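So the structure is just underneath, and the comments pick up after that.
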Amino acid sequence: MKKYFKTEENKRIWEIDFLRSIAIILMISFHIIYDINEYLGFNVSYDRGFWFYIGKTSAVLFITISGICTGLAKNNFKRGLKILAMAMLITIATFIFDRRQYVRFGILHLLGISIILSPFFLRLKRSTLLIISVISLSIGYKLNKITINNALMVPFGVIYNGFITIDYYPIFPYIGVFAFGVYVYKKLYFNNKSLFSYEINLKFINFLSRHSLKIYLVHQPIILIIITLIKQCI
């Protein structure tokens with residue numbers, strides 16, 4: 001078991017596992033819809049409406065939980081570097097697969113950088129974290145309306161003309177979501193205990209949460225392999 005989910009009784013904080021597993025299920029569902037649209041030609045909208053919000057809910061849960069877990073974890077700098085390295089591998093792999101819309105700055109890039117910066121966030125007061133969250137969301141809203149002629153500002157939320165990508169979670173506004181997660185830790189989980197007097201212990205839920213990074217890395221290739229087999233049979 002990873003230390004950053006344990007309570008004083010040496011048990012994982014079950015509600016964090018539960019929420020992370022929900023995020024994984026939503027993520028896989030959204031990516032299935034995305035892939036059957038892009039590669040099987042099914043007309044199911046994912047850029048607005050129900051499936052759009054499924055994808056965003058998944059991402060917001062992941063980012064918020066990551067913020068919470070920085071307070072429960074040890075060696076956040078090492079964890080952040082590991083996630084950032086995985087993000088760069090995704091950039092390389094998606095560039096090889098589709099140079100038109102490869103991942104320049106996806107959710108793992110955001111999480112890697114945010115976790116590396118987490119010691120700074122953990123030193124802040126709760127009120128300051130909330131202010132940072134609001135400011136980051138406001139900056140992201142403003143930057144979302146701007147386009148420029150180069151890719152230098154893509155990590156910060158400013159895109160260029162013709163920008164297309166399959167995964168984009170820039171620093172603004174989403175580092176504000178991460179800061180809110182740190183706020184939740186300092187407000188509710190500072191004593192490393194579950195908020196509930198009871199425990200829900202489901203092996204499937206625990207498995208999804210413990211292996212969330214691995215699942216994130218392998219689920220898309222698996223979906224694409226299945227889609228390729230389906231296309232050959234059609």
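Observations on the structure shown:
- Given (1) open to solvent by 50 Å² or more (accessible area, probe 1.4 Å); (2) more than 22 Å from THR57 (Cβ to Cβ); (3) free of Cβ contacts under 8 Å to residues at least 60 places away in the same chain; (4) out of contact with any strand residue (DSSP E or B) (no Cβ under 6 Å at 6 or more places or on another chain), index of the condition PHE163 fails: (1)
- Test: ASN201 is polar (S, T, N, Q), in a loop (DSSP other than H, G, I, E, B) and closer than 21 Å to ILE25 by Cα: yes
- Of the set (1) part of a helix (DSSP H, G or I); (2) within 30 Å of GLY71 (Cα to Cα); (3) in contact with an Asp or Glu (Cβ under 8 Å, 6 or more places away or on another chain), all apply to PHE172 but (3).
- In segment 5-16, the qualifying residues are those that are open to solvent by less than 30 Å² (accessible area, probe 1.4 Å) and outside any loop (DSSP other than H, G, I, E, B), and the one that is modelled with the lowest pLDDT is PHE5.
- A Cβ distance below 6 Å, combined with a sequence gap of six or more or placement on separate chains, defines the contacts here; from segment 136-155, residues that are under 23 Å from ILE166 (Cβ atoms) reach residues that are open to solvent by 60 Å² or more (accessible area, probe 1.4 Å) in the pairs THR147/ASN161.
Residue-wise test of (1) over 19 Å from ASN76 (Cβ atoms); (2) under 20 Å from the mean Cα position of the chain (by Cα); (3) free of Cβ contacts under 8 Å to residues at least 40 places away in the same chain.
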residue: ILE96; (1), (2), (3): yes, no, yes
residue: ARG123; (1), (2), (3): no, no, yes
residue: SER127; (1), (2), (3): yes, no, yes
residue: ILE132; (1), (2), (3): no, yes, no
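- Checking each residue in segment 166-193 for being buried (at least 19 other Cβ atoms within 10 Å of the Cβ), touching a residue at least 60 places away in the same chain (Cβ under 8 Å) and within 16 Å of VAL134 (Cα to Cα) picks out PRO170, ILE171, TYR174, ILE175, VAL177, PHE178, ALA179, PHE180, GLY181, VAL182, TYR183.
- Evaluation of ALA179 against (1) touching a strand residue (DSSP E or B) at 6+ places or on another chain (Cβ under 9 Å); (2) closer than 15 Å to VAL60 by Cα (one fails), failing number: (1)
- Exactly one residue among ILE222, ILE135 is assigned to a helix (DSSP H, G or I) and loosely packed, with under 14 Cβ neighbours inside 10 Å, and that residue is ILE222.
- Conditions (1) closer than 24 Å to SER21 by Cβ; (2) surrounded by fewer than 20 Cβ atoms within 10 Å (Cβ to Cβ); (3) of a type in the set (D, E, K, R): number failed by LYS231: (1)
The values are calculated or read from the model by the stated rules, or taken from the named source; none is laboratory data. Remember, it's a predicted structure, so these values are computed and weren't measured experimentally. Backbone-built Cβ (ideal geometry, glycine too); neighbour counts: all protein chains shown. To get the accessible areas, we keep the full protein, side chains included, count just its heavy atoms, and leave off ligands, DNA and RNA. Shrake-Rupley method; radii C 1.70, N 1.55, O 1.52, S 1.80 Å.
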